[in-house]
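Bear in mind these aren't lab numbers, they're just calculated from the coordinates by the rules spelled out. Worth saying up front: this structure is predicted, and the values here are computed from it rather than measured. Virtual Cβ from ideal backbone geometry, glycine too; neighbours counted across all protein chains shown.
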Amino acid sequence: MSRFSYRILPEQAGERIDKYLSQKPELPSRSYLQRLIDDKCITVGNSPVKGNYKLRAGDEILVEIPEPKELSVEAEPMELDIVYEDEDLLVVNKPKGMVVHPAAGHDSHTLVNGLLYHCRGQLSGINGVLRPGIVHRIDRDTTGLLLVCKNDTAHNSIAEQLKAHTITRRYHAIVHGELTRDGTVDAPIGRNPSDRMKMAVNEKNGKPAVTHYHILSPLKKFTYIECRLETGRTHQIRVHMASIHHPLLGDTVYGPAKPVFPIGGQALHAKVLGFVHPRTGEYLEFEAPLPEYFEKLLNKLHI
């Protein structure tokens, strides 16, 4: 069990305890903090409190976070769109709506469940039992290419290439508004201090993040672009494009809350993936065609 304690200063008095704790980077999300409050794991002066408790000067807050329960991951037969496979790795074209690995609320029907069945358990173990073979991720509602490692040697090699920013990753996206020129967003990304479920451009606590974008085609009130990643931060393209007032079409987290088209999430596709093979040293590059929903959107929006 992890424990964190805080003493309230006079200038912090009057603030709600849930809001105060949600601003602590070492603590989990606000929604998880609310579960801790409900489970009486957050106390003030040894007494449980509610989320709307108003802090007083001198209050001693104790937050106790229980150890996470280890989930078991079952192999599940499922159809996977495998673009390439050998003894060390495979490249998968992930469909929209598929979660990459098990997590709270998603303990089955994930890509990892299918990979365990397809690979007969032969996946790298560096990222633990919940993320075997997973060396990088894409969001549930993002489609496209994902690289999976079958052994730790391959995993370490790909991880080093990711760290050195030598892996080719090009995404196609549709963004709100009419861009007039190519550009680069160079802005650090970290947790949104106001909502820890979101990421944000965070100059104080963010990690370096660079996205290059190139206009592929102007559309009616939108723009079809390609984004090339130098880094791979969580929600990087979504956050960066929203930060320059061109959020992704369909992204109700970083863009308009009401989607213009019912496409089930952001219009973002991991189209090109290139890397040096861990065993042969050969550079390999793969490309996944745009999914049907994306093609239909482009046809509808073309000038």
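Hey, how many Å between the Cα centroid of segment 125-197 and the Cα centroid of segment 15-87?
Their Cα centres are 24 Å away from one another.
Which of the aspartates and glutamates could a cross-linker bridge to LYS54, judged by Cα under 15 Å and excluding same-chain residues fewer than eight apart?
Here the aspartates and glutamates satisfying the reach criterion relative to LYS54 are GLU11, GLU15, ASP18.
Provide the gained length on full extension for the span ALA257 to LYS50, in nm with one decimal, where the gain is 0.36 nm per separating residue minus the Cα-Cα distance.
Using 0.36 nm per residue and subtracting the Cα-Cα distance, I get 71.6 nm.
Provide the gained length on full extension for the span MET197 to HIS212, in nm with one decimal, where the gain is 0.36 nm per separating residue minus the Cα-Cα distance.
Numbers: separation 15, 0.36 × 15 = 5.40 nm, distance 2.51 nm.
Difference between extended and current length: 2.9 nm.
Sticking to Cα atoms, compute the Rg of the chain to one decimal and its Dmax as the biggest Cα-Cα distance, whole number, in Å.
Over the chain's Cα set, Rg and Dmax evaluate to 21.7, 64 Å.
Could you work out the pair-distance distribution P(r) of segment 155-198 from its alpha-carbon pairs, with 5 angstrom bin width and percents rounded to whole numbers?
Result returned by the calculation: 5, 13, 11, 17, 20, 21, 10, 3, 0.
Which FRET efficiency value, to the nearest 0.05, do you get for ASP86 and ALA164 by plugging their Cβ-Cβ distance into 1/(1 + (r/R0)^6) with R0 = 25 Å?
Here the calculated transfer efficiency is 0.65.
Given H placed on each backbone N at 1.01 Å, which residues far from LYS198 in sequence or on other chains put an amide H within less than 5 Å of it?
Distant-sequence amide H within range of LYS198: ASN192.
Could you pull out the pairs from LYS94/LYS271; LYS94/LYS198; LYS19/LYS258; LYS40/LYS198; LYS19/LYS50; LYS94/LYS221 whose alpha carbons sit more than 18 Å apart here?
Exceeds cut-off: LYS94/LYS198; LYS19/LYS258; LYS40/LYS198; LYS94/LYS221.
Taking 1 over the mean of 1/r across every pair of different Cα atoms in segment 158-275, what Kirkwood radius in Å do you get?
Details: mean 1/r = 0.0685 Å⁻¹.
Computed over Cα pairs of segment 158-275, the Kirkwood hydrodynamic radius comes out at 14.6 Å.
Give the longest segment of the chain that steers clear of GluC sites (Glu not before Pro) in DSSP loops with at most 12 neighbouring Cβ atoms within 10 Å, not counting the sites themselves.
The longest uninterrupted stretch comes out as 88-202.
Say each of PHE286 and ASP39 gets a label point 7 Å from the Cα, pointing the same way as Cα to Cβ; how far apart are those two points in nm?
Spacing of the two 7 Å Cα→Cβ label points: 3.8 nm.
SER31 versus ILE244, label points 7 Å from Cα toward the beta carbon: distance in nm?
Each label point is offset 7 Å from its Cα along the Cβ direction, giving 3.0 nm.
Any idea what log10 I(q)/I(0) is at q = 0.13, 0.18, 0.22, 0.28 Å⁻¹ for segment 50-101, Debye with uniform C-alpha scatterers and no solvent?
-0.64, -0.84, -1.05, -1.23
Give the relative contact order (percent, whole number) for the chain; include only Cα pairs under 8 Å separated by 6+ residues.
Here the relative contact order equals 14 percent.
Arranged from highest to lowest average of other beta-carbon atoms within 10 Å per residue, in what order do the peptides 27-35, 151-159 appear?
151-159, 27-35
Once fully extended, how much extra length lies between THR180 and ALA75, figured as 0.36 nm per residue of separation less the alpha-carbon to alpha-carbon distance?
Length difference between fully extended and current span is 33.0 nm.
With the Cα gyration tensor of segment 14-76 in hand, give its eigenvalues times 5 under a square root as the equivalent ellipsoid semi-axes, listed largest first in whole angstrom.
28, 12, 10
Could you tell me which of TYR213, HIS245, THR231 has its Cα farthest along the dipole of segment 211-270 towards the positive end, charges placed at Cβ (Lys, Arg +1; Asp, Glu -1), taken about the Cα centre?
Farthest towards the positive end: HIS245.
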